[in-house]
Amino acid sequence: MRVVLVGPPGAGKGTQAQFIASHLSIPKVSTGDIFRSNVSTGTDLGRKAKEYMDRGDLVPDEVTVAMVASRLAEDDAQAGFLLDGFPRNVPQARTLKQLLADWSLRLDIVLELVVDHDEVIRRLSGRRTCRQCGRVWHIAFDPPTRSGVCDECGGELFQRDDDREETIRHRLEVYQLQTQPLITYYADEGILLGIDATGPVEDVTDRALVALRRFTR
Ligand code: ADP
Ligand code: AMP
């Protein structure tokens, strides 16, 4: 199955992606995670992406698309994948469509996580990420047992640089201007399904899995 998760920053895409991908036995491809790992190891790609990420802007399409194309060509993505954070604008969506068409493939479903603005702010301002395993926590909604330490692997939790108030505001503007048009684009393609992404994480996962079953062809 080939799935895209879309929604504003903080909607819970990364949180849901880990459960949905493991349930469907397909790899989760998160462009944000790939960029962050390249920034932390200091690769060329990381150096190119960092200034945009720090500002809360989108990394240029040619950089992002080349990275995704090479990731989707890997063996583990041949039976399907779950994209989290890509595409982020209509040109990226068109490029993805063409890339898949070149391989005689297409997307099955685009799942939109619907959450209101205030909830997104609450989620982003309390988000903490494990430096070691990447697991996402929240200081109030999903706190680790020991503050600042990941329950899964014992790694150190950190607040993302782009989760500071100023950058959050800018990222939400970027979402509205550049990413929101994807909703209409995919609705016109007939593969968009929105789900309520509020409430407990497990409830959102259940709604997502029900939605995915409806779209399996
Ligand atoms: P995204 O990948 O869409 O930016 P994340 O998955 O990183 O969003 O989630 C943002 C924050 O919200 C994290 O701190 C996460 O723990 C928290 N979160 C995710 N889903 C829920 C939920 N259903 N209820 C409360 N908090 C949530
Ligand atoms: P995320 O982890 O999805 O919140 O992404 C963090 C940052 O990585 C974004 O603010 C962008 O700077 C960059 N990024 C992630 N995905 C994309 C994408 N598809 N296109 C451009 N930039 C991206």
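The values are calculated or read from the model by the stated rules, or taken from the named source; none is laboratory data. Because the structure is predicted, anything quoted here is derived from the model rather than measured. Cβ: placed from backbone, ideal geometry, glycine included. Neighbour counts: every protein chain shown. Ligands, DNA and RNA are stripped out before the accessible areas are found, and what is left, the full protein with its side chains, is counted by its heavy atoms. Shrake-Rupley method; radii C 1.70, N 1.55, O 1.52, S 1.80 Å.
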Considering only segment 14-39, state which residues are within 10 Å of ligand 2 (Cβ to nearest atom) and open to solvent by 60 Å² or more (accessible area, probe 1.4 Å).
-> D33, R36
Check on D163, surrounded by 12 or more Cβ atoms within 10 Å (Cβ to Cβ) and in contact (Cβ under 8 Å) with a residue 24 or more places away in the chain | yes
Consider V59 carefully, then state whether it is within 14 Å of the chain's Cα centre (by Cα), modelled with pLDDT of 95 or more and either surrounded by fewer than 17 Cβ atoms within 10 Å (Cβ to Cβ) or not basic (K, R) (or both).
-> no
Checked S125, S104, S147 against criteria (out of contact with any Ser or Thr (no Cβ under 8 Å at 6 or more places or on another chain), more than 12 Å from ligand 2 (Cβ to nearest atom), farther than 26 Å from V3 by Cα and open to solvent by 70 Å² or more (accessible area, probe 1.4 Å)); the one match is S147
For residues that are at pLDDT 95 or above and farther than 22 Å from R169 by Cα, scanning just segment 8-18, find the one that is nearest to the chain's Cα centre (by Cα).
-> A17
Could you tell me whether any residue of segment 53-64 is free of Cβ contacts under 8 Å to residues at least 60 places away in the same chain, away from ligand 2 (no atom under 12 Å from the Cβ) and polar (S, T, N, Q)?
-> no
Going through (1) open to solvent by less than 10 Å² (accessible area, probe 1.4 Å); (2) more than 12 Å from ligand 2 (Cβ to nearest atom) one by one, G7 fails only at (2)
When segment 169-186 is checked residue by residue, the ones that are surrounded by fewer than 18 Cβ atoms within 10 Å (Cβ to Cβ) and out of contact with any Lys or Arg (no Cβ under 9 Å at 6 or more places or on another chain) are R169, E173, Q176, L177, Q180, P181, I183, T184
Pair list, Cβ under 9 Å, 6 or more apart: segment 173-193 residue farther than 10 Å from E112 by Cβ, other residue open to solvent by 80 Å² or more (accessible area, probe 1.4 Å) and part of a helix (DSSP H, G or I) | Y185/R94; E189/K97
Could you please find all residues in segment 75-98 being assigned to a loop (DSSP other than H, G, I, E, B), away from ligand 1 (no atom under 16 Å from the Cβ) and open to solvent by 10 Å² or more (accessible area, probe 1.4 Å)?
-> Q78, A79, N89
